[in-house]
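Only one structure is covered here, and it is reproduced in the block below.
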Amino acid sequence: MDIRPNQPLALASVFLAGLLFGLGLTVSAMVNPAKVVGFLDLFGNWDPSLALVMAGGLAVTIPAFQLILKRDKPLLESRFFLPTSNDIDRRLIGGAVLFGTGWGLAGLCPGPALTSLVTLNGSVWLFVLAMIGGMVFHRTVLEN
Amino acid sequence: MENFTPYSALLGGALIGAAATLMLWVNGRITGISGILGGVLFPAQTDTLWRILFIAGLLSGAIVYTLINGSPIELQIQATPLLTIVAGFLVGFGTRLGSGCTSGHGICGIARVSKRSFAATAVFMTTAIITVFLVRHALGDS
């Protein structure tokens with residue numbers, strides 16, 4: 001049985017984490033598909049910004065995760081909820097290929113797409129609805 | 001490279017890293033946006049409220065940015081509506097099949113030294129670069 005973060009403090013921390021994440025995506029302009037495609041376009045007018053977003057993120061998470069995962073448990077939960085799979089299988093690679101193709105086509109991945117829903121941009125809403133459709137299709141086809 | 005914005009990129013990245021750190025430290029969870037959204041769509045027991053709050057936080061972050069910055073968020077989407085739908089579908093299906101996206105594999109998985117996440121990140125980065133090359137240079141007109 002999954003222990004949920006239902007305490008008010010835990011839920012507040014989740015909301016704050018979401019807020020920091022959304023702020024990070026907007027500050028770095030990663031919500032702008034043109035900016036993302038500018039990074040992916042190595043053979044055009046290359047914009048290395050996204051690499052520095054990754055670097056800035058990893059500069060925090062690499063040391064922080066090592067320290068946190070040395071603890072017995074997180075602050076407000078009884079255990080860590082970490083992926084258990086270790087195999088590099090066809091689903092992992094196939095999924096990454098399909099995701100990368102979609103990411104390259106539109107310049108949107110899930111975080112920026114959800115965050116920029118707030119702009120009420122029609123293309124972003126179209127993308128998110130199609131993304132939900134893809135998730136539902138996956139669930140229908142592969143998990144039943 | 002006239003579009004390069006190193007300082008805001010590093011600052012934004014550090015904020016994203018701080019968010020992922022907070023989630024793991026306090027709640028013991030990986031900040032994977034596709035997984036969080038997937039859990040809202042297909043709830044397991046009552047595991048839904050925190051996921052909705054996280055997504056509400058994402059949108060609130062964008063609102064806070066707009067308030068601080070005083071100008072709307074800049075969005076330029078070059079894909080046609082049809083291509084946007086195809087892209088969204090591939091992103092939704094692919095991230096569920098591959099168990100993660102840029103955040104779960106790219107920011108959190110690499111920090112956990114997960115070999116699955118190293119492999120997935122390398123593959124989706126390479127595939128996206130090839131896709132942009134094909135669309136912009138091989139098939140496109142620029």
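Couple of notes before you dig in:
- Residues that are more than 14 Å from the chain's Cα centre (by Cα) and not charged (D, E, K, R), drawn from segment B:99-116: B:Ile110, B:Ala111, B:Val113, B:Ser114
- Complete set of residues in segment B:5-35 that are in contact with a Pro (Cβ under 6 Å, 6 or more places away or on another chain) and not in a helix (DSSP H, G or I): B:Gly28
- Sole residue being facing another protein chain (nearest Cβ under 7 Å) and under 16 Å from the mean Cα position of the chain (by Cα), chosen from B:Gly13, B:Gly28, B:Gly32: B:Gly13
- The condition of being without any contact (Cβ under 8 Å) to a residue 40 or more places away in the chain, at the interface with another protein chain (Cβ under 7 Å from one of its Cβ atoms) and surrounded by 24 or more Cβ atoms within 10 Å (Cβ to Cβ) holds for only one of A:Gly104, A:Gly57, that being A:Gly57.
- Qualifying residues in segment A:36-51 (those that are under 11 Å from B:Phe133 (Cα atoms) and in contact (Cβ under 8 Å) with a residue 40 or more places away in the chain) - the one surrounded by the fewest Cβ atoms within 10 Å (Cβ to Cβ): A:Leu40
- Of the criteria (1) of a type outside the set (D, E, K, R); (2) closer than 22 Å to A:Lys35 by Cβ; (3) at pLDDT below 95, which one B:Ile129 fails: (3)
- When each of B:Gly17, B:Gly39, B:Gly35 is tested for being touching a residue at least 60 places away in the same chain (Cβ under 8 Å) and surrounded by fewer than 23 Cβ atoms within 10 Å (Cβ to Cβ), the lone residue that passes is B:Gly35.
- Selection of segment B:36-80 for residues being assigned to a loop (DSSP other than H, G, I, E, B) and charged (D, E, K, R) yields B:Asp47, B:Glu74.
- B:Gly88 meets the stated requirement of being within 16 Å of the chain's Cα centre (by Cα), within 7 Å of another protein chain (Cβ to nearest Cβ) and buried (at least 17 other Cβ atoms within 10 Å of the Cβ).
- Filtered residues of segment A:66-89 (kept if over 17 Å from B:Ala120 (Cβ atoms) and either under 21 Å from the mean Cα position of the chain (by Cα) or without any contact (Cβ under 8 Å) to a residue 24 or more places away in the chain (or both)): A:Gln66, A:Leu67, A:Ile68, A:Leu69, A:Lys70, A:Arg71, A:Asp72, A:Lys73, A:Pro74, A:Leu75, A:Phe80, A:Phe81
- If the condition is being in contact with a Phe, Trp or Tyr (Cβ under 7 Å, 6 or more places away or on another chain) and in a loop (DSSP other than H, G, I, E, B), then segment A:74-111 contributes A:Pro74, A:Leu75, A:Leu108, A:Cys109.
- Residue list for segment B:103-124, filter: more than 7 Å from chain A (Cβ to nearest Cβ) and under 16 Å from A:Phe39 (Cβ atoms): B:Thr121, B:Ala122
- Selection status of A:Leu126, part of a helix (DSSP H, G or I), in contact with a helix residue (DSSP H, G or I) (Cβ under 6 Å, 6 or more places away or on another chain), modelled with pLDDT of 95 or more and in the same structural domain as A:Val14 (by TED's automatic domain parsing): no
- Residue within segment A:90-99 that is out of contact with any Cys (no Cβ under 8 Å at 6 or more places or on another chain), over 28 Å from B:Asn27 (Cα atoms), touching a residue at least 24 places away in the same chain (Cβ under 8 Å) and not assigned by TED's automatic domain parsing to the domain that holds A:Gly22 present: no
The values are calculated or read from the model by the stated rules, or taken from the named source; none is laboratory data. Note that the structure is a prediction, hence the values are computed from the model and not measured. Neighbour counts run over all protein chains shown; Cβ positions are idealised from the backbone, glycine included.
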